[in-house]
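Engineer: Here's a structure for you.
The values are calculated or read from the model by the stated rules, or taken from the named source; none is laboratory data. This is a predicted model, so every value here is computed, not measured. Glycine gets a Cβ as well: all are built from the backbone with ideal geometry, and neighbour counts include every protein chain shown.
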Amino acid sequence: MSNPLEERLAEALAEFEETRSRLDQAAAEAARISVTVTAKDRSVEATVGAQGELTNLRFPTSRYRTMAPAELANTLMATIASARAQAASRLMEVYRPFGPVPGLSTDAEGGFAPVSWDELFAPLREEEGMPVPPSRSPRSSSGALLDELVDDEDTGEDTRGEGAR
C-alpha cells in the first residue's frame, strides 16, 4: 500500500504537468497573435503583436499625403491603440482558462494597465493561515542601486554613510 503523502505528491505532480502543458500550448497560441486595424478613412493600417508591439505600419492609400501632421498623428495613434486593445483582448481570451491576467485590461489605453499588487495578493490575504506581507507604499526613487540600502528597515539607520546623496 502506498503512502498517502506520496499519493498526494503524485497527484500534485500530474496536475502540475497538465497545467504546464496547457500553459505551453497557450503561450504558443499567444505568440501567434497578430492584429491589424485599418483607420476609418483607410489612410493607415497598423499591425501589432500579442504584447502590443507595433510589427507593421502601412499606408494603403495616398490619403495620408493630404493630411495635416496633427491629423495624421492622431489617426496613427488611434489606429495603433485600437489594434493594441484588440490584441490584449485576444490575449486575455487565450489565458482566461488560467484565471485573471494581471496587467491586461480591455478598458485601459492600449490594453495594458499597471498591476496592483494589493489586488493581486488579496485572495491570499483573505485565506486564513496564508501569511502575505503587507505591501509597502511606493517610495520615490533616485534610480540608484543604493536605494535598497538607504534604510535598514530593522534599525531605520542610513546605511550609505555621511555625505552620500
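Engineer: What number goes with the only condition from (1) more than 29 Å from residue 120 (Cα to Cα); (2) at pLDDT below 90 that residue 103 does not pass?
Structural biologist: (1)
Engineer: Could you look through segment 45-85, keep only residues that are among the β-branched types (Val, Ile, Thr) and out of contact with any strand residue (DSSP E or B) (no Cβ under 7 Å at 6 or more places or on another chain), and pick out the one that is surrounded by the fewest Cβ atoms within 10 Å (Cβ to Cβ)?
Structural biologist: Filtering segment 45-85 for residues that are among the β-branched types (Val, Ile, Thr) and out of contact with any strand residue (DSSP E or B) (no Cβ under 7 Å at 6 or more places or on another chain), the one surrounded by the fewest Cβ atoms within 10 Å (Cβ to Cβ) comes out as 66.
Engineer: A follow-up question, please. Kindly check whether there is at least one residue in segment 34-43 that is at positive phi and out of contact with any helix residue (DSSP H, G or I) (no Cβ under 6 Å at 6 or more places or on another chain).
Structural biologist: yes
Engineer: Just to be sure I understand, how many residues within segment 52-75 are touching a residue at least 24 places away in the same chain (Cβ under 8 Å) and touching a Phe, Trp or Tyr at 6+ places or on another chain (Cβ under 9 Å)?
Structural biologist: 3
Engineer: Another question about this same structure. State whether one or more residues within segment 16-30 are more than 28 Å from residue 103 (Cα to Cα), aliphatic (A, V, I, L, M) and either surrounded by 10 or more Cβ atoms within 10 Å (Cβ to Cβ) or touching a His at 6+ places or on another chain (Cβ under 7 Å) (or both).
Structural biologist: Within segment 16-30, not a single residue is more than 28 Å from residue 103 (Cα to Cα), aliphatic (A, V, I, L, M) and either surrounded by 10 or more Cβ atoms within 10 Å (Cβ to Cβ) or touching a His at 6+ places or on another chain (Cβ under 7 Å) (or both).
Engineer: Keeping to segment 25-39, report how many residues are over 17 Å from residue 93 (Cβ atoms) and modelled with pLDDT under 95.
Structural biologist: Residues meeting the conditions: 0.
Engineer: Looking for something assigned to a helix (DSSP H, G or I), touching a Ser or Thr at 6+ places or on another chain (Cβ under 7 Å), at pLDDT below 95 and not hydroxyl-bearing (Ser, Thr, Tyr) - is there at least one such residue anywhere in segment 71-88?
Structural biologist: yes
Engineer: For the subset of segment 5-44 comprising residues that are hydrophobic (A, V, I, L, M, F, W, C) and touching an Asp or Glu at 6+ places or on another chain (Cβ under 9 Å), which member is nearest to residue 67 (Cα to Cα)?
Structural biologist: 39
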